[in-house]
1. Scan the helices (runs of 4 or more DSSP H) fully inside segment 104-212 and keep the ones with 1 or more residues being touching a strand residue (DSSP E or B) at 6+ places or on another chain (Cβ under 9 Å) and of a type in the set (Gly, Ala, Ser).
2. Among the residues of segment 84-103, are any surrounded by fewer than 21 Cβ atoms within 10 Å (Cβ to Cβ) and modelled with pLDDT under 95?
3. How about segment 164-203: which of its residues are touching a Lys or Arg at 6+ places or on another chain (Cβ under 6 Å) and either closer than 29 Å to Ser111 by Cβ or among the small types (Gly, Ala, Ser) (or both)?
4. Within segment 37-67, restricting attention to residues that are of a type in the set (S, T, N, Q), closer than 26 Å to Met1 by Cβ and in contact (Cβ under 8 Å) with a residue 24 or more places away in the chain, which residue is surrounded by the most Cβ atoms within 10 Å (Cβ to Cβ)?
5. Identify the single condition in (1) over 23 Å from Gln26 (Cα atoms); (2) under 18 Å from the mean Cα position of the chain (by Cα); (3) at pLDDT 95 or above; (4) aliphatic (A, V, I, L, M) that Ile184 does not satisfy, given that it satisfies every other one.
6. Among Arg61, Arg88, which is assigned to a helix (DSSP H, G or I), over 29 Å from Thr188 (Cβ atoms) and basic (Lys, Arg)?
7. Among the residues of segment 213-238, which ones are assigned to a loop (DSSP other than H, G, I, E, B) and at pLDDT below 95?
8. Is it the case that Tyr80 is within 18 Å of the chain's Cα centre (by Cα), assigned to a strand (DSSP E or B) and among the aromatic types (Phe, Trp, Tyr)?
Amino acid sequence: MKVSIITSSFNRASTIGGAIKSVLSQDYPDLEYIIIDGASKDNTLDVIKEYDAYTKSEEFRTSHPQFTFKYISEPDHGMYEGINKGLRMATGDIIGLVHSDDFLFTEHTISDIAEEFEKTQADFVYGDGLYVSFDDTNKPVRNWIGGKYSKKKIKLGWLPLHPTCYIRSSFHKEVGLYNDKYKIAADTDFLIRALYEHSPKVSYLKEYIIRMRMGGLSTDNAKRKAMWKEDIDIYSSHGFAARTTKIMKMMWKVPQFVEAVFKR
């Protein structure tokens, strides 16, 4: 069973190396890694090329004979257009994301996810995630425990953490691509379509899948107003009580910040 991982990047020279390294260090053998760069103006592409060269080295090929590394760098209109390009390129049975500021939790993470798919025959697997500080200390800031899935919870503002979600490619095709008219919250729209408007077989893997650096696109204070507007639009488009659902979504976050204090 092949697993495809997609990273969309733009001007992330300082962090993308950590994301790439976390994928290359996985002990799962059949991995396809796709990076879609939006024509970065810093040294992001140089970092990508350096790791691309490493994956072609005899040392890496000997230990990872099934690993595939692909990348493109060209202008786009944002992260979700980049992800959609990656989805069109992906050939794996299972598809997941590692954002350019983030890194997989352990070297066994993808093996554990693949095992969960095999064991449960799920269409959709998600888990837990830990937001950490953007500096090198990686201090826990927000502890996102996924919890049990239900459609009722989605109407109450709950969704799994997007980068913990791994999806069978056949089901991904049913749901479709991300609506990239949303520049910040297209993942909310996608997850509602996948988990509320469809009826996949879902499995919650009770372990940490990702570390996310606090300060990425959706956690930038300057973007919060735009994110509020997009969320309201998305909830309305799906027939939810938009403002009520948005407020409940925010309430789900409160214990995540409290719990993070005890992980420091």
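The values are calculated or read from the model by the stated rules, or taken from the named source; none is laboratory data. Predicted model, so just to flag it, every value in this text is computed and none were measured. Neighbour counts run over all protein chains shown; Cβ positions are idealised from the backbone, glycine included.
1. 109-120, 169-175
2. Within segment 84-103 (the criterion being surrounded by fewer than 21 Cβ atoms within 10 Å (Cβ to Cβ) and modelled with pLDDT under 95), the answer is no, since none of the residues qualifies.
3. Val175
4. That would be Thr55.
5. Here Ile184 meets the rest and fails (3).
6. Arg61
7. Met214, Gly215, Gly216, Asp220
8. Answer is no for this residue.
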